[in-house]
Amino acid sequence: MRKRTLYRAVVGATALFAAVPALAQTADGEKRFNGPYVGGSFGISVQPNDAGESIVFDRTLDGNFGDTVVTSGGANAFAPGFCNGGARGATPAGGCFNDKDDMEYFGRVGWDSQFDNNFVVGVVGEFGKSQAKDYVTGYSSTPASYQFGRSFDWNASIRGRVGYAAGGKTLFYAAGGPAYARINNSFTTTNGANSFTSNGGKHNSWGYTAGGGVEQSITRNISLGLEYMYNNYNDDDYVVRAGPGTAPATNPFLLGNAGGTDIRRSDDNFRFHSIRATAAFRF
């Protein structure tokens, strides 16, 4: 499903760019990609398929998330399994819904230097938001579901870019650099016996972004473009503790430690692809 979404985004963006009329070569010595500019982008965030993602447990509260939660009879309490999506009910039979691919929007400011041979180097800073949402769910034999979700409050990055201005007006470029985001984590469960507390849902996270694009100069001051960026943020801070609540001492979350069991998602990275249209005004 996500591959189809990504394919449609690429086809749609390519068609949009193809509709921009081809322009004649710039006059000798004119540099369309030189100096400061402001602009923005609008597009779609498409997530890869997180096959094999699960939730992991620290029963002894020693900081190591590699334990198996077992029942008083020694059976795996999470034998029903996991899904790399959100829960539709307390059991796997209810199914899971997919991660949510969604729109994104950013403002940007940058500076380019265009040399006499039409090679261009520059830097661009960007601030905005991707509305993508990422889920993973575990199912216990109780039965109960345990769902982790994450989304962005905002995203920011600063990228270097290098490219070539074919004919002086069509810039093909590669770009990449560090990224920073405010990630909002959430946890929901159908388990009403244990207590569940987290270390706070919002965390600032570092990552990186890399990709490339094409930018067409329409007038001396205005350019339009298409851009693809791969984005990856490290997100390993969010932990939920399953505590006693009203559960008996034989509860699986309490057998390893009377204080409870810490839970987090197995995948430390929040990844997505960006397919976007861009616009810039150059001074």
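Coordinate-derived values only; no laboratory data. The structure presented is a predicted model; accordingly, all values stated were derived computationally and were not measured. When we count neighbours, we look across all protein chains shown, and the Cβ atoms used for this are built from the backbone with ideal geometry, even at glycine.
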Exercise for the section: Work out from phi, with θ = phi - 60° and the Karplus expression 6.51 cos²θ - 1.76 cosθ + 1.60, the ³J(HN,Hα) of each residue of region 218-233, listed in order in whole Hz, and give x for Gly and Pro. Expected result: 8, 10, 4, 10, 10, 9, 10, x, 10, 9, 10, 9, 9, 10, 9, 10
Completion exercise
Sorted largest first, the Cα spans of region 126-250 on the principal axes come out in Å as 74, 23, 19
Handout entry: Kirkwood estimate for region 48-186, i.e. one over the average of 1/r between Cα atoms, Å
Key = 18.7
Exercise for the section: Set the Förster radius R0 to 41 Å, insert the Cβ-Cβ distance between Thr71 and Ala174 as r into 1/(1 + (r/R0)^6), and round the FRET efficiency to 0.05. Expected result: 0.15
Practice task
Using only the Cα atoms, work out Rg/Rh for region 53-105, with Rh taken as the Kirkwood radius, to two decimals.
Solution key: 1.11
Practice task
Net charge near Pro36: determine it from the other residues with C-beta under 9 Å of the C-beta of Pro36, scoring Lys and Arg +1 and Asp and Glu -1.
Solution key: 0
Practice task
Kindly express, to the nearest 10 degrees and within the range 0 to 90, the angle between helix 2-18's C-alpha long axis and the longest C-alpha principal axis of the chain.
Solution key: 10
Handout entry: Where Rh is the Kirkwood radius over Cα pairs, Rg/Rh for region 144-203
Key = 1.36
Practice task
Match the structure shown to one of the listed values [x] 162; [y] 134; [z] 114 of volume of the Cα convex hull per residue in Å³, computed from it, and give that label.
Solution key: [z]
Problem - Theoretical gain in end-to-end length, Ser186 to Ala210 [0.36 nm per residue, Cα-Cα removed] - result: 5.9 nm
Problem - Total lysine pairs under 17 Å (Cα atoms) in the chain, excluding pairs fewer than 8 apart on one chain - result: 7
Exercise for the section: Quote the FRET efficiency, to the nearest 0.05, computed for Ala93 versus Asn269 with a Förster distance R0 of 25 Å and r equal to the Cβ-Cβ distance. Expected result: 0.25
Handout entry: Cα centroid separation, region 92-126 to region 215-250 (Å)
Key = 12
